[in-house]
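A.B. asks: Just passing along the structure, written as C-alpha cells.
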Amino acid sequence: MSAFTKNILVTGGAGFIGSHLVRYFVNKYPDYKIINLDLLTYAGNLENLKGIEDAPNYEFVKADITNIDEIRNIFTSYNIDHVIHLAAESHVDRSIENPLSFITTNITGTAILLIAAREHWGDFKDKRFYHVSTDEVYGSLGAEGFFYEDTSYDPRSPYSASKASSDHLVRAFNHTYGMPVVISNCSNNYGPYQFPEKLIPLMVNNILHKKNLPVYGDGTNVRDWLWVGDHVTAIDTIFHNGKDGETYNIGGENELQNIELVHMLCDLMDEKLEQPVGSSRNLITFVTDRLGHDARYAIDATKLKKELNWEPSIQPNEGMSKTIDWYLDNTEWLENVTSGKYQEYYEAAYGNRDLV
C-alpha cells in the first residue's frame, strides 16, 4: 500500500503559477505525492523548483499533455487519483500570432487529461479534477461591474477562446459522466518566477537594461492583480473544500490601469536602484494597441470568501515591491530565461521577436 494519502498530478508545474503551487503542496502536505508534469517549453523551468527536487513526496515527469499514450501511462504508473490542471499556453499576443498552438494545448490537452482520468478512475470515489482557468473567458467589462461565476462567456482572443472551450469540456465531463470537477477563474497573477513576456517582469527587466517600456494604446486598459501566493492558497482551499461541479472566481481586488501599474513599477525601481525620480518613466513608449484588446477585467470573489473563507492577503504596492526585490535578487534567473535555450525555443516557436 502506498505511503501517500493522495497521488496528485499537477500539470504545468514548472511554470510560473504551477511552480509556486507545487512547492507549496510539497512542503505543506508531506503525505501527498506530488507528480509534476511539464513539457519544459520556453516558460517551463526546473530552476523554479530548486529546493524541493529531492523531497520524498515529489517527482518530476517530462511529458506532453497532447500525447494520450504518455498521459495514460502516467495515470497508471503513478496511480493518479487527483489532478490540478494548470498546463496551458497563456499569452494573448502569441495566441494572436499562432492560434493553433493554443487550440492544441489548451483544448486537446485538456480533453486528453479528462479522458485519461475517466478511464483510470472508474467509479470516481475520492477523486477530483481541478481545472485552473482565467477571467478572460468572460470577455470585457465597461467602466463598472464585475465578473461573477454565472457571467456569460464572451472570449475575445484565441487564448481566451481556447480556455473557454477547455472550461466547457471540464463541465461536460462532470455533467455527462459524473466526473468530480471544480473550476477556478482567476485574474492577472504576479510575483516571482514569472516569465518576462508578461507585463511586470518585462518592465522590470527592461528598466534594468535601459530599454523602452512598451505600453499598449493609451494605457487605460484595466486589470485586477492577484499575488501568486494568494492564488496558491485559494487553489489549496478550493481543492480541499470546493463543491463538486462548482466554479469559483479568484480575484485580488486590486484594479489598476496598465499605465498606473507601469508608473508604480517605475517609481519603485527608481527608489530601489537609487536613481533619480522619473528615470524609469522616461523609458515609457506607447505602442499600437493589441488587436481586440479587452478594456477591463474585474473579479467578484464573494462566493469564494463566503463559502470557503478565503481572502487575498497582499495589496499591490506591497506585492509589487516584493516582486521587484525578488527579480533584483535573482538577475541570473532573469538572464537565463531571456537567453540560451529558452530564447532559442521561444524564437523557434514564435518567431525572432522581443519577449513581450
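A.B. asks: Inside segment 22-35, can you point out the residues that are buried (at least 23 other Cβ atoms within 10 Å of the Cβ), touching an Asp or Glu at 6+ places or on another chain (Cβ under 8 Å) and under 20 Å from V228 (Cβ atoms)?
C.D. replies: Answer for segment 22-35, where residues must be buried (at least 23 other Cβ atoms within 10 Å of the Cβ), touching an Asp or Glu at 6+ places or on another chain (Cβ under 8 Å) and under 20 Å from V228 (Cβ atoms): F25, I34.
A.B. asks: Regarding L226, is this residue closer than 30 Å to L283 by Cα, touching a Phe, Trp or Tyr at 6+ places or on another chain (Cβ under 9 Å) and crowded, with 24+ Cβ neighbours inside 10 Å?
C.D. replies: yes
A.B. asks: Quick one: which of T105, T76 is crowded, with 17+ Cβ neighbours inside 10 Å and of a type in the set (S, T, N, Q)? Write out each step before concluding.
C.D. replies: Values: T76 fails: crowded, with 17+ Cβ neighbours inside 10 Å.
Only one candidate qualifies: T105.
A.B. asks: Which numbered condition in (1) in contact (Cβ under 8 Å) with a residue 60 or more places away in the chain; (2) part of a helix (DSSP H, G or I); (3) aromatic (F, W, Y) is the only one that F173 fails?
C.D. replies: (1)
A.B. asks: I would also like to ask the following. Just one of L308, L328 is under 19 Å from N206 (Cα atoms) and modelled with pLDDT of 90 or more; which is it?
C.D. replies: That would be L328, the only listed residue that is under 19 Å from N206 (Cα atoms) and modelled with pLDDT of 90 or more.
A.B. asks: Could you tell me whether E53 is charged (D, E, K, R) and either at pLDDT below 95 or in contact with a His (Cβ under 7 Å, 6 or more places away or on another chain) (or both)?
C.D. replies: When the stated conditions are applied, E53 passes them.
A.B. asks: Another question about this same structure. Those residues that are in contact with a strand residue (DSSP E or B) (Cβ under 8 Å, 6 or more places away or on another chain), of a type in the set (D, E) and either touching a residue at least 12 places away in the same chain (Cβ under 8 Å) or surrounded by 14 or more Cβ atoms within 10 Å (Cβ to Cβ) (or both), I need them from segment 40-73; list them, please.
C.D. replies: Passing the criteria: only E59.
A.B. asks: Checking the conditions here, which among K62, K28, K33, K50 is charged (D, E, K, R) and over 21 Å from the mean Cα position of the chain (by Cα)? Step through it out loud before you land on a result.
C.D. replies: Working: K62 fails: over 21 Å from the mean Cα position of the chain (by Cα); K28 fails: over 21 Å from the mean Cα position of the chain (by Cα); K50 fails: over 21 Å from the mean Cα position of the chain (by Cα).
So the residue among K62, K28, K33, K50 that is charged (D, E, K, R) and over 21 Å from the mean Cα position of the chain (by Cα) is K33.
A.B. asks: Given the condition farther than 18 Å from S133 by Cβ and either modelled with pLDDT of 95 or more or in contact with a Leu (Cβ under 8 Å, 6 or more places away or on another chain) (or both), answer yes or no: does some residue in segment 88-95 qualify?
C.D. replies: no
A.B. asks: Here is a follow-up. Inside segment 29-77, can you point out the residues that are small (G, A, S) and touching a Pro at 6+ places or on another chain (Cβ under 7 Å)?
C.D. replies: Within segment 29-77, no residue meets the criteria.
A.B. asks: Name the residues in segment 262-285 that are closer than 28 Å to G142 by Cβ, assigned to a helix (DSSP H, G or I) and in contact with a Leu (Cβ under 7 Å, 6 or more places away or on another chain), would you?
C.D. replies: V262
To keep it simple, each residue is scored yes or no on (1) in contact (Cβ under 8 Å) with a residue 12 or more places away in the chain; (2) in a strand (DSSP E or B); (3) over 25 Å from H20 (Cα atoms).
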position	(1), (2), (3)
I80	yes, no, no
S95	yes, no, no
L100	no, no, yes
I112	yes, no, no
H120	yes, no, yes
D123	no, no, yes
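A.B. asks: On the basis of being of a type in the set (S, T, N, Q) and more than 17 Å from the chain's Cα centre (by Cα), does N249 make the cut?
C.D. replies: When the stated conditions are applied, N249 does not pass them.
A.B. asks: With of a type in the set (A, V, I, L, M), surrounded by 12 or more Cβ atoms within 10 Å (Cβ to Cβ) and touching a strand residue (DSSP E or B) at 6+ places or on another chain (Cβ under 7 Å) as the only criterion, which of L304, L308 stands out?
C.D. replies: That would be L304, the only listed residue that is of a type in the set (A, V, I, L, M), surrounded by 12 or more Cβ atoms within 10 Å (Cβ to Cβ) and touching a strand residue (DSSP E or B) at 6+ places or on another chain (Cβ under 7 Å).
The values are calculated or read from the model by the stated rules, or taken from the named source; none is laboratory data. Computed from a prediction, not measured in an experiment: that's the story for all the values here. Don't worry about glycine lacking a Cβ; one is built from the backbone with ideal geometry, like all the others, and counts go over all protein chains shown.
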